[in-house]
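Derivation of every value follows stated rules applied to the coordinates shown; laboratory data play no part. This structure is a prediction, so every number in the text was calculated from the model and none was measured. Reconstructed Cβ throughout: ideal geometry from the backbone, glycine too, with neighbour counts over all protein chains shown.
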Amino acid sequence: MARYTGPVCRLCRREGIKLYLKGDRCYTDKCALERRNYPPGEHGRVRRKMTEYGMQLREKQKAKRIYGVLERQFRRYFEMAERQKGMTGENLLRLLERRLDNVVYRLGLASSRAEARQFVRHGHITVNGKRVDIPSYLVEIGDEIAVAEKSRNLVRFAELAEAAAHKTPPPWLELDLENMRGRVLGFPSREDIDVPIKEHLIVELYSR
C-alpha cells in the first residue's frame with residue numbers, strides 16, 4: 001500500500017501550520033515549524049503572492065497530508081463524496097474521518113495517525129472481534145474497534161492508555177479505556193471535525 005515515506009516535518013513547514021504528524025513531538029520545542037517557520041527548500045524564505053489555484057491546491061495537499069493518503073486514493077474519496085447526498089466537501093471529510101487508522105487515533109489508542117496506521121498494518125487492531133489490517137477500512141455505525149487481546153500487554157499501549165485517560169474522544173465515538181476498545185456511535189458532523197481545512201476550496205479545485 002502506497003504511503004509517503006519522506007521527512008514529515010517538511011510537510012508541516014510547506015503548509016505553514018502544524019499538521020501534528022509526529023504525535024507528542026509536535027507539542028514540544030523540537031517541532032521543526034517552531035525552529036524554521038518558513039517553507040523548505042532553497043527559496044523557502046521568498047514570499048510569493050498566492051493565486052486562487054494555489055490556495056485550492058494547498059488545501060487539497062494539506063488534507064492529504066493530515067490523513068496520510070496519496071493522490072489516487074484521495075481522488076477516489078472525492079468521487080465517493082460527490083455521489084452521496086449533502087455537501088460534497090463535508091462528505092469528503094466524513095469519509096476521511098471514518099478511516100480505521102483515523103478512528104484509532106481519535107480514540108487515543110495512538111499518538112498520531114501514522115502510528116495508528118502502523119498498529120493496524122501490524123495486526124494490533126480488531127473490528128467487531130476480527131483483525132483488520134487495512135488502514136483505509138471505513139468503519140460503520142455500531143462497529144467496535146479494539147486493541148487485539150494479545151497486544152494489550154505491550155508497553156506502548158500501556159503508555160497510550162495512561163495518556164488517553166486525560167483526553168476526551170469526539171462525540172461520535174465512545175471509549176472504554178479499561179478494555180482498550182471504542183464504539184462508533186454515529187458519523188461525525190462538520191462541527192466534530194477539528195481539522196484546519198477549508199473543504200470548499202478542494203471542491204472548487206476538482207470542479208475546475
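Taken about its Cα centre, segment 100-184 carries a charge dipole of about 220 debye when Lys and Arg each add +1 at the Cβ and Asp and Glu each add -1 at the Cβ.
Here segment 100-184 is treated as a sphere whose radius is the Kirkwood value from Cα pairs; by Stokes-Einstein at 10 °C and 1.306 mPa s it diffuses with a coefficient of 129 µm²/s. Based on Cα contacts under 8 Å between residues 6+ apart, segment 100-184 shows a relative contact order of 32 percent. The residue list A158, H124, P171 was ranked by how far each Cα lies along the charge dipole of segment 100-184 toward its positive end, using unit charges on Cβ atoms, and H124 comes out on top. Could you tell me which of the pairs K60/K85; K49/K85; K130/K167; K85/K198; K49/K198 are separated by over 29 angstrom between their Cα atoms in the structure shown? In this structure, K49/K85 exceed 29 Å between Cα atoms.
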